[in-house]
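Below: one structure, written as structure tokens.
The values are calculated or read from the model by the stated rules, or taken from the named source; none is laboratory data. Not measured: the values here are computed from a predicted model. Using ideal geometry, Cβ is built from the backbone for each residue, glycine included, and neighbour counts are taken over all protein chains shown.
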Amino acid sequence: MRLLRNLLPLVLIAGLATACGGGSSSNGASGPAPSTQALQLRPVYARYTNTAPGAEQLGPQVPKALGDTLKNFDCSSGTQDVQGMLMLCDSDGNVYLVEDPIVTGGVATAVAKPIRGEKLWFVKVALDPQATQTLSGVVDTSSGAELALVVDDHVISAPIIDSSMKDGTLGVIGTYDAQQAKALATKLTQS
């Protein structure tokens, strides 16, 4: 029951596609850190969705030109460097402008689990001690901001940072069936 209570807000967040943004706008001329096959935790600067009429651009207010760049991004084109950040998509076509990763790798365990009463599954990820310590510090400074979980240049989930993450446990929520969740769990632990 506790697990369900902890996951319900994440399921609602994923389902409603709402978010907050946070962080800085640039890391300088060096460009964004490239994505890898390992799990990356990346602060979200801004997000664009065409599935929430009236709330297409989510996160902080951004200049019109940047908003237009997000709106016109073709998810099939791969990633794009924008103002020292990386533009990525999720499986629903939402476009994320993300900052450099705060954690790369650091997965101690990843286990596929069913969501009670549903045919959907999620992946429970436990981070190693170093990644947990880093994430805990981010929780202290960025609670309420959105955090993109990125694998292979693809946003797999984007939960809101809150105190439940201080223990280094994350739920990767999506529309996964058992096979997809198990494959993702295996991939996360092998990276």
Determine which member of the set A14, A46 is within 13 Å of E146 (Cβ to Cβ), surrounded by 20 or more Cβ atoms within 10 Å (Cβ to Cβ), at pLDDT 90 or above and within 14 Å of the chain's Cα centre (by Cα). A46
Starting from the stretch 170-186, keep only residues that are more than 13 Å from K119 (Cα to Cα), then list their pairs with residues that are of a type in the set (D, E) and in a helix (DSSP H, G or I) whose Cβ atoms are within a distance under 6 Å, requiring at least 6 positions of separation or different chains. none
Go through the stretch 63-77 and report how many residues are modelled with pLDDT of 90 or more and assigned to a loop (DSSP other than H, G, I, E, B). 2
Can you name every residue in the stretch 170-191 that is within 18 Å of D128 (Cβ to Cβ) and assigned to a strand (DSSP E or B)? L170, G171, V172
Please find, among A148, A126, A112, A131, the residue that is small (G, A, S), in a strand (DSSP E or B) and under 13 Å from T169 (Cβ atoms). A126
Restricting attention to the stretch 78-93, does a residue exist that is assigned to a helix (DSSP H, G or I) and either farther than 30 Å from A178 by Cβ or modelled with pLDDT under 90 (or both)? no
Looking at this structure, is S136 of a type in the set (S, T, Y) and either free of Cβ contacts under 8 Å to residues at least 40 places away in the same chain or in contact with a helix residue (DSSP H, G or I) (Cβ under 9 Å, 6 or more places away or on another chain) (or both)? yes
The stretch 88-121, residues that are in contact with a helix residue (DSSP H, G or I) (Cβ under 7 Å, 6 or more places away or on another chain) and either among the acidic types (D, E) or closer than 13 Å to A148 by Cβ (or both): C89, V95, L97, I102, V103
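Can you pull out every residue in the stretch 157-169 that is under 23 Å from M87 (Cα atoms) and either modelled with pLDDT of 95 or more or not in a strand (DSSP E or B) (or both)? Explain how you work it out, then say what you get.
Taking the stretch 157-169 first, the residues under 23 Å from M87 (Cα atoms) are 157-161.
Those that are under 23 Å from M87 (Cα atoms) and either modelled with pLDDT of 95 or more or not in a strand (DSSP E or B) (or both): A158, P159, I161.
Restricting to the stretch 94-121, and then to whatever is polar (S, T, N, Q) and buried (at least 16 other Cβ atoms within 10 Å of the Cβ), can you tell me which residue is modelled with the highest pLDDT?
Filtering the stretch 94-121 down to residues polar (S, T, N, Q) leaves 94, 104, 109.
With buried (at least 16 other Cβ atoms within 10 Å of the Cβ) added as a condition, the list becomes 94, 104.
Values: N94: 91, T104: 94.
If we take residues in the stretch 94-121 being polar (S, T, N, Q) and buried (at least 16 other Cβ atoms within 10 Å of the Cβ), then T104 is modelled with the highest pLDDT.
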Any residue in the stretch 140-158 that's surrounded by fewer than 19 Cβ atoms within 10 Å (Cβ to Cβ): show its pairings with residues that are among the charged types (D, E, K, R) and not in a loop (DSSP other than H, G, I, E, B) at Cβ separation under 9 Å, as long as the two are six or more apart or on different chains. D152/K187; H154/D90
